[in-house]
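Single-structure report; data block below.
The values are calculated or read from the model by the stated rules, or taken from the named source; none is laboratory data. Everything numeric here is computed off the predicted structure, so don't read it as measured data. Don't worry about glycine lacking a Cβ; one is built from the backbone with ideal geometry, like all the others, and counts go over all protein chains shown. Calculation scope for accessible area: heavy atoms of the full protein, side chains included, ligands and nucleic acids excluded. Shrake-Rupley method; radii C 1.70, N 1.55, O 1.52, S 1.80 Å.
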Amino acid sequence: MSKRFTLVTVSLTAIVAFLVGAIFAGGVARSAVTAGAPAKAGGGRLISRAAGAAATASLVNFADVVERINPAVVNIDTVMRGRDARRRRGRTAAPESPDPFDEPFDFGGPRDRDTRRGAGSGFIIDADGSILTNHHVVDRAERITVKLSDGRTVRARLVGSDADTDIALIKVDGENGLPVAPLGDSSTLRTGEWVCAIGNPLGYEHSVTVGVISFLGRKLFDKSLDNYIQTDAAINFGNSGGPLINSRGEVIGINTAISSRASSIGFAVPINGASSAVPQLRARGRVSRGYMGVGLRDVDADLERSLKLTVDHGALVQDVTAGSPADRAGLRPYDIITSLDDRAIASDDQLIREISARAPGSAARLRLVRDGHDQTFTLKLTERPARDRQDAGDAAPQTPERGKSGPDTLLLGLNVRDLDRQTADRLEVPRDIKGVLITRVEPMSSSFDGGIERGTVLIEINRQRVESAAEYRRIARAVRPGDILTLFLYAPDLDQRQLKTIRVEGR
């Protein structure tokens with residue numbers, strides 16, 4: 001009996017020891033894999049040391065990043081008086097577009113009806129007190145106050161600002177040895193990369209949020225210069241002007257705008273554009289850019305097919321501003337710019353960036369294709385004019401007719417009428433524009449899908465003039481399902497000619 005008991009005891013002890021050892025060994029093995037050491041995959045393959053390192057690198061510890069950068073982040077308070085106390089809403093956006101910029105934070109309490117306080121964020125870029133923030137944070141401010149990370153509150157002055165890219169440089173005088181936020185390279189960013197935002201939302205100082213880059217090159221307000229970084233890192237009122245930071249602890253953007261329709265859609269100005277503007281802000285207080293005076297769009301497959309183009313790349317001219325360098329040089333709508341100073345142009349974005357980066361007064365040699373033939377033009381750039389901004393309450397010109405679907409909608413889904421002089425004057429349509437007024441766009445039609453809007457003037461269809469409703473009906477009746485059409489339009493609310501393509505579908 002005693003021997004049997006002893007045997008059972010020894011067996012149980014051995015089993016328990018085996019299980020404890022297996023559990024311990026498994027825990028150690030998991031720790032080793034997490035640390036990036038080689039491990040075997042399910043199929044017996046050895047996971048490379050590089051792959052393990054990449055997996056470990058993705059586990060970013062933003063606590064270390066924040067500890068380094070937070071001292072360089074500042075809180076900015078502004079005060080405005082008089083008529084300017086009614087703060088502008090920045091670049092106006094359509095109801096379906098992202099909300100413009102943060103409204104000033106109302107601190108509550110008694111205040112003069114003609115005085116308005118605002119709040120935002122910023123970050124120090126050199127030890128003597130230069131601070132980057134948003135233009136809309138300090139726009140029209142009579143007094144700017146900065147609270148440093150050590151708790152001190154000091155006055156700041158505006159050095160310069162650029163409304164087109166929404167950046168501003170302010171300066172705290174008499175300071176030395178301030179903590180500085182290192183600047184990164186926003187051109188190397190990738191969608192899905194981890195980032196964090198630091199700022200002062202609703203007055204909660206040095207708040208940190210983390211997310212990823214959701215999209216690069218987002219256009220919100222100006223299709224020519226806009227190049228926003230979209231992120232799902234939470235950005236709230238008061239975050240404007242604060243840094244967006246990568247996992248290496250470098251500032252790669254300036255938090256700028258939020259969407260009113262979602263809590264996880266924010267936008268930042270790429271730091272490369274902001275840092276390249278700093279020398280001009282310091283020297284002149286503003287940024288000057290080269291300007292040709294053309295409206296552009298990319299050449300895509302639909303445009304190539306509908307207009308029977310002989311090139312599949314470049315920037316297609318859809319509008320030429322009267323009196324501009326392009327107008328004086330002789331550029332026309334439908335010209336396709338394929339090179340700038342013998343450097344190939346692949347897209348309208350590329351051409352806009354390269355022209356904007358040049359100094360006003362410099363020469364630009366353009367090679368273009370016009371009606372299938374290569375031509376060369378040389379023009380002298382002027383300074384890009386300040387953007388004309390509408391008040392938030394301004395509405396686009398509206399036409400009184402809504403109408404119902406009629407026989408003239410045909411396959412295109414458009415109702416049009418002749419553009420009489422009285423209507424043209426009311427909509428401020430230039431005298432040289434002849435066309436028909438679009439009074440209705442049928443929902444779910446080809447034109448609706450192509451972004452054609454009521455209240456615009458239709459000038460041409462596939463380069464055929466449309467100067468009357470009768471001409472429109474004649475052209476529209478010849479359209480067949482599967483056709484691709486290019487519509488040349490004038491938008492009175494934008495004072496701009498546009499080229500839009502539509503794919504005709506059966507009804």
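Selection among Ser214, Val180, Leu244 by position relative to the dipole of the stretch 168-244 gives Ser214 as farthest towards the positive end (Cβ unit charges, Cα centre).
Put a plus charge on the Cβ of each Lys and Arg, a minus charge on the Cβ of each Asp and Glu, and nothing anywhere else: the dipole of the stretch 191-317 about its Cα centre is then about 440 debye.
With a simple spin-label model that places each label point 7 Å from the Cα along the Cα-to-Cβ direction, the separation between Thr378 and Asp302 comes to 3.9 nm. Available extension along the chain between Arg81 and Ser288 is 71.7 nm, counting 0.36 nm per residue and deducting the alpha carbon span. Only protein heavy atoms count here; on that basis, with a 1.4 Å probe, Phe448 has an accessible area of about 110 Å². Which shape class applies to the stretch 129-198: rounded if a/c is under 1.5, otherwise prolate when a/b exceeds b/c and oblate if not, where a ≥ b ≥ c are the square roots of the Cα gyration tensor eigenvalues? Cα axes put the stretch 129-198 in the oblate bin.
Name the shape class, rounded, prolate or oblate, that the alpha-carbon gyration tensor gives for the stretch 188-305, where a ≥ b ≥ c are the square roots of its eigenvalues, rounded holds for a/c under 1.5, and otherwise prolate holds if a/b is larger than b/c and oblate otherwise. It is oblate, given that a/c is not under 1.5 and a/b is not larger than b/c. Model label sites at Ser263 and Val180, defined 7 Å from Cα along the beta-carbon direction, differ in position by 3.9 nm.
Extending 7 Å from the Cα toward the beta-carbon at both His206 and Asn462 defines two label points whose distance is 6.6 nm. Taking 0.36 nm per residue of sequence separation and removing the Cα-Cα distance, the Glu142/Asp341 pair yields an extension gain of 67.2 nm. Taking 0.36 nm per residue of separation and subtracting the Cα-Cα distance, full extension of the segment from Glu453 to Asp371 would add 26.7 nm.
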